[in-house]
1. For Asp26 and Phe90, calculate 0.36 nm times their separation in residues minus their Cα-Cα distance, and state this gained length in nm to one decimal.
2. Under a crude label model (7 Å from the Cα following the beta-carbon direction), how far is Phe19 from Glu119 in nanometres?
3. Between Thr75 and Ser51, what FRET efficiency follows from the Cβ-Cβ distance if R0 is 41 Å, with the result rounded to 0.05?
4. Using the Cβ atoms and a cut-off under 13 Å, what net charge is assigned to the surroundings of Ala94, where Lys and Arg are +1 and Asp and Glu are -1?
5. How much length is gained if the chain between Ser68 and Ser126 is pulled fully straight, taking 0.36 nm per residue apart and subtracting their Cα-Cα distance, in nm to one decimal?
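What follows is calculated from the coordinates using simple rules that are stated; it is not laboratory data. Just so we're clear, the structure is a prediction, and the values are computed from it rather than from any experiment. As a convention, Cβ positions derive from the backbone with ideal geometry for all residues, glycine included, and neighbour counts pool all protein chains shown.
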Amino acid sequence: VGTPASDVATTTVNAYEGFSTRLEDDVAIYRNVSTVGYEDINIAYCSRTSSVSGGDRLRIGWKVGAVSTTWSDYTQLEEVNSNTWSCVNFDLPASADNGSISTAFFIDDGEGDYGLVDEVVVSGLSI
């Protein structure tokens, strides 16, 4: 299992624009975001993988409330296994409004597999 100290870095290799965050080998990045005073919450990001094989993938998810380090607590937005950058956005349900949400970016399986993430934006409309 990876650790943030050894398997999370900022990189220019295969970066989206300048620098991207690189995750390697069973490591995750979690972030809690306040949505107090906002509704119609949307999450947008760009992602790709590099040097992955077989069932390896970058998984992206979200949940209402505080960060959890248990993947099953998150609602998965997508799985990424592509060497090409893709930028997407997702409208979250009303349960994300006027409170807090947490996001998770998790790369699983094998040594030397990489997930890259960039341009992460959580937005909403002022209530």
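1. Working: separation 64, 0.36 × 64 = 23.04 nm, distance 2.43 nm.
Extra length from Asp26 to Phe90 when fully extended: 20.6 nm.
2. Label-label distance for Phe19 and Glu119, simple model: 1.8 nm.
3. Details: r = 28 Å, r/R0 = 0.67.
FRET efficiency, Thr75 to Ser51: 0.90.
4. Details: positive: none; negative: Glu39, Asp40, Asp91, Asp97.
Surrounding charge for Ala94 is -4.
5. Working: separation 58, 0.36 × 58 = 20.88 nm, distance 2.67 nm.
Here the answer is 18.2 nm.
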